[in-house]
1. Can you tell me how many residues within segment 21-68 are hydroxyl-bearing (Ser, Thr, Tyr) and modelled with pLDDT of 90 or more?
2. Filter segment 81-91 for residues that are in contact with a helix residue (DSSP H, G or I) (Cβ under 9 Å, 6 or more places away or on another chain) and surrounded by fewer than 18 Cβ atoms within 10 Å (Cβ to Cβ) and give the result.
3. Looking at segment 16-54 only, could you name the residues that are touching a residue at least 60 places away in the same chain (Cβ under 8 Å), part of a helix (DSSP H, G or I) and closer than 23 Å to residue 144 by Cα?
4. So in segment 115-133, with the set limited to residues that are surrounded by 18 or more Cβ atoms within 10 Å (Cβ to Cβ) and closer than 21 Å to residue 83 by Cβ, which one is modelled with the lowest pLDDT?
5. Restricting to segment 69-106, what's the tally of residues that are more than 23 Å from residue 141 (Cβ to Cβ) and touching a residue at least 40 places away in the same chain (Cβ under 8 Å)?
6. Within segment 72-122, which residues are over 22 Å from residue 20 (Cβ atoms), touching a Lys or Arg at 6+ places or on another chain (Cβ under 7 Å) and assigned to a loop (DSSP other than H, G, I, E, B)?
7. Could you grab me the full set of residues in segment 59-68 that are in contact (Cβ under 8 Å) with a residue 60 or more places away in the chain, among the aliphatic types (A, V, I, L, M) and not in a strand (DSSP E or B)?
Amino acid sequence: MPRQSRTVDILLVEDNRADVDLIIESFADAGTSCTMHSVNDGEKALQFLYRQGDYADAVRPDLVLLDLNLPRLDGREVLQQVKTDAELKTIPVIVLTSSEAERDVLASYRLHANCYIVKPVGLEQFYQVARAIERFWFDSVVLPPGIPGGLAPSDRDPLARISHR
């Protein structure tokens, strides 16, 4: 099985601070070797991904966890922008949202989301989701190498660190 030989950078796009804390705690408790970067709206997500403004020095994330219902720019619009941009479309996007609506699931997949997860309720369920994401995306999948739109190697400490703006 492939195992990422470096710390994985995750961009978490979530406007609910309680959910941010729960997701971060779940990934830390699951022992995930990642650096979690967090933004709280769709415009900041695109600024981070395009390395603009406050995010000029941002890393290119290996994975995006994207809520759909966001202020300023909706998650669906962020997903559409990412998946139609030649430089960004290789970044896997996991929709992690509270919506179970069939129209949201279909719209997300039509916009080329890599998967759709309904936010679980409670720490134990979030922990299970974090472990499942780690097992699949970090242990089983070969993530894109350092190519345009791909990933650059990381020499960071393998302990999870968090940045939130």
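1. Final tally of qualifying residues: 4.
2. Answer for segment 81-91, where residues must be in contact with a helix residue (DSSP H, G or I) (Cβ under 9 Å, 6 or more places away or on another chain) and surrounded by fewer than 18 Cβ atoms within 10 Å (Cβ to Cβ): 85, 87, 89.
3. 27
4. 133
5. 3
6. Those that are over 22 Å from residue 20 (Cβ atoms), touching a Lys or Arg at 6+ places or on another chain (Cβ under 7 Å) and assigned to a loop (DSSP other than H, G, I, E, B): 89, 111, 112.
7. Within segment 59-68, just 59 meets the criteria.
The values are calculated or read from the model by the stated rules, or taken from the named source; none is laboratory data. Since we're looking at a predicted model, the values are computed, not measured. Glycine gets a Cβ as well: all are built from the backbone with ideal geometry, and neighbour counts include every protein chain shown.
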